[in-house]
Structures are given as C-alpha cells and as structure tokens.
Amino acid sequence: MSADYFPTRKMVGLESLWKGLITASHILHNHGVLDAYGHISVRSPDNASTFWMPRNVAPALLSSPDDLVEYSVANAEPVEKNAPRGYIERYIHSEIYKRFPTINSVVHSHDHDVLPYCISGVSLRAIIHTAGFLGSDTPVWDIASHYSSNSTHDLLVRDVSLGASLSAAFKPATSAGFLYSKVRSALPGAAPELSHDPDHLVVLMRGHGFTTVARGIEEAVYQAIYTKESARVQSTASQDRAAHTRYTIDGKWDMEHGGKMKSVKIKSEGDLKYLSEKEAHDTWESLRGTVDRPWGLWVREVEVNPLYKNNA
C-alpha cells in the first residue's frame, strides 16, 4: 500500500511520510508555489481512509509531527478529538481522495503566475516539455455555480459539497461517455467499465488558484512547481508575441465604389507553439520516472536554508 509515495522506495513508514510532507511544504514555499496560504496533503500509507495534512500554519513554519493532523477521507474531520485547528479547505483534499483511490497526494496553491489563467479566459496549456501533464487544456472550476443557498460566498471550499464539485472537475462527465457506459453495461455479461484515474492532473479555480493531484508527494510537488513555471513561460511568450507580432491585411479593392477595400481579413504572423496532445503525453511519460532527480535537489535546498526546520 505504501508503494509509489516516493518513486525510489517500496515501503514508507509513518515517520518518513511525516518528514516528507513537511519537506514538501518547505519546498513549495521555497519555490513560491505556497506563501502563507496553500497546502499539501498525503493519503495514509497504512489506512487509505485517512490522510495527513498540516495544521493551520504557514507552510514554511512547519517543523514537527505535532504540526500535522490526520483526517478522515469520509468527512474531513480529524481522527483525534483534540487535534489542532486545521485548514478550512481540507475538503478539497478529502473529496479528491474519496473520488480517486489512485491519488495519494494533493497540492492547493494560490500562485500568482497561474492566477491570470483562472480569470482571463485564456487556456493554460502544455507549452514546455517539463509540463506535459497539463495536456491540451486545463479546466477552470467556477465555484459560483456550486454554492448552496446558505453558503458563504468567499471562494473557499468550505464543505463536502463544494469539495465534491471540485473533485468532479478532474474527471468531467460527458454525454458521449455516459451513453457509452450505458450501452456497454447493457451488453450480456459485460461489467461496467470504471476508471479510478482523473482525466486532468491540474484544475484551475476561478479567482482562487489551482489544485493538482498525483500518485505521491514527489510527483505532486513536481507538478505544482512546473505548473507555475509553465504558466510563467506562456505569459512571457504571449507578451513577446503581442509586442513583436506583425499584421497583414488581405482584401480586394473596389475601384467602382470609391476605391474601398472589401472582404477584409487581418492576419497575424506567428502563433504560440504548444505541445501536441501526443507530445504532452509522451513528455510526461518520459519525465515521470525522473522526478526523484529534482526532488533530491529541492530537498537539499531547504535543508541548508535556516528558515526551514524539520524535526520529524
């Protein structure tokens, strides 16, 4: 059950998991993915019905197992009665673990490089080979459509219902998929085809940030950092293109009516070059097995930084 939490380890003890979770929080802060807000969690390796995440404290200031809380996947309530106060948005994590049994780690971030893609209508897409996991489109979940009548409209995922709605965005239902499953299940002797894997590894949250899901802590940290890097590259490339793009005007002169142009088309030269769906898939398949390389570097960076303490 502990396999895949760290790519190079077959089994993970609880103490190692605590240390890895605290280190991951430090790494994400060191890379600007988390500031005073945001969080990472991990499913319990010996009990899939619970998960661990930090208490309500800035990620950089985590330092010991006393800063971590075990929660129930069923309702995001602490397992221990006297647990320290936790994050309001722990329902993001519990509902993702509930929907996807193959997911073992979740990161939620308010990163400023990603936020413009949550509100601009511009799609965040895989544009660099280290972010192939983004694919050809990153969905944007809008909480406004999912508040209950008595909800606090503060964009926070405050309850099970909102968490469930967000988790569904990682594997959106389609009419074609629904019809296929109905037809398939109606065939004699056919079992329903179920998939426990999300269709997307990153979902943006309107006006809020993003959430990424992974098989383990190291992959989750990698995806969060390179979501930020890909967004930064895409924004920079878009600015460069806007500053240097040349435009051509195509049309026909109508000399009989005052020499005006008709059927005018304005064309821009040069478009952003995104990864194809095949490239996005293959680059992630290739790099997924090398995540331990940047992880080793990132661990060392926070180990030598006096801001971060890890006594787990």
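The values are calculated or read from the model by the stated rules, or taken from the named source; none is laboratory data. Owing to the predicted nature of the structure, the values given are computational and were not obtained by experimental measurement. Cβ coordinates were reconstructed from backbone atoms using ideal geometry, including for glycine residues, and neighbour counts include every protein chain displayed. Side chains are part of the model used for accessible areas, which takes the heavy atoms of the whole protein and leaves out ligands, DNA and RNA. Shrake-Rupley method; radii C 1.70, N 1.55, O 1.52, S 1.80 Å.
Note down all Cβ pairs under 8 Å where the first residue falls in the stretch 111-128 and is of a type in the set (Lys, Arg), the second is open to solvent by 40 Å² or more (accessible area, probe 1.4 Å) and part of a loop (DSSP other than H, G, I, E, B), and they're at least six residues apart or on different chains.
Close Cβ pairs satisfying both conditions: ARG125/SER136; ARG125/ASP137; ARG125/TYR274.
Under 7 Å between Cβ atoms, at least 6 apart or on separate chains: pull out the pairs that start in the stretch 54-68 with a residue that is free of Cβ contacts under 8 Å to residues at least 12 places away in the same chain and end on any residue that is surrounded by fewer than 19 Cβ atoms within 10 Å (Cβ to Cβ) and in a loop (DSSP other than H, G, I, E, B).
Once the first residue is free of Cβ contacts under 8 Å to residues at least 12 places away in the same chain and sits in the stretch 54-68, no partner that is surrounded by fewer than 19 Cβ atoms within 10 Å (Cβ to Cβ) and in a loop (DSSP other than H, G, I, E, B) comes close enough.
With respect to SER94, is the statement that it is at pLDDT 95 or above and surrounded by fewer than 23 Cβ atoms within 10 Å (Cβ to Cβ) true? Even if it seems obvious, please write down each step before you answer.
Values: at pLDDT 95 or above: yes; surrounded by fewer than 23 Cβ atoms within 10 Å (Cβ to Cβ): no.
No.
If you check every pair at least six apart or on different chains, which have Cβ atoms under 9 Å apart with a residue in the stretch 139-158 that is on the phi > 0 side of the Ramachandran plot first and a residue that is assigned to a loop (DSSP other than H, G, I, E, B) and open to solvent by less than 50 Å² (accessible area, probe 1.4 Å) second?
Close Cβ pairs (under 9 Å, with a partner that is assigned to a loop (DSSP other than H, G, I, E, B) and open to solvent by less than 50 Å² (accessible area, probe 1.4 Å)) amount to LEU155/GLY207; LEU155/HIS208.
Given the options GLN234, GLN223, name the one that is modelled with pLDDT of 95 or more, in contact with a strand residue (DSSP E or B) (Cβ under 6 Å, 6 or more places away or on another chain), within 30 Å of GLY163 (Cβ to Cβ) and open to solvent by less than 70 Å² (accessible area, probe 1.4 Å).
Numbers: GLN234 fails: in contact with a strand residue (DSSP E or B) (Cβ under 6 Å, 6 or more places away or on another chain).
Just a single option satisfies the conditions, and that option is GLN223.
I'm trying to understand the selection: among the residues of the stretch 169-191, which are at pLDDT 55 or above and either within 23 Å of ALA231 (Cα to Cα) or touching a helix residue (DSSP H, G or I) at 6+ places or on another chain (Cβ under 6 Å) (or both)?
Matches in the stretch 169-191: ALA169, PHE170, LYS171, PRO172.
Does the stretch 54-71 hold any residues that are touching a Pro at 6+ places or on another chain (Cβ under 9 Å), within 16 Å of GLY38 (Cα to Cα) and open to solvent by less than 20 Å² (accessible area, probe 1.4 Å), and which are they?
LEU62, ASP67, LEU68, VAL69
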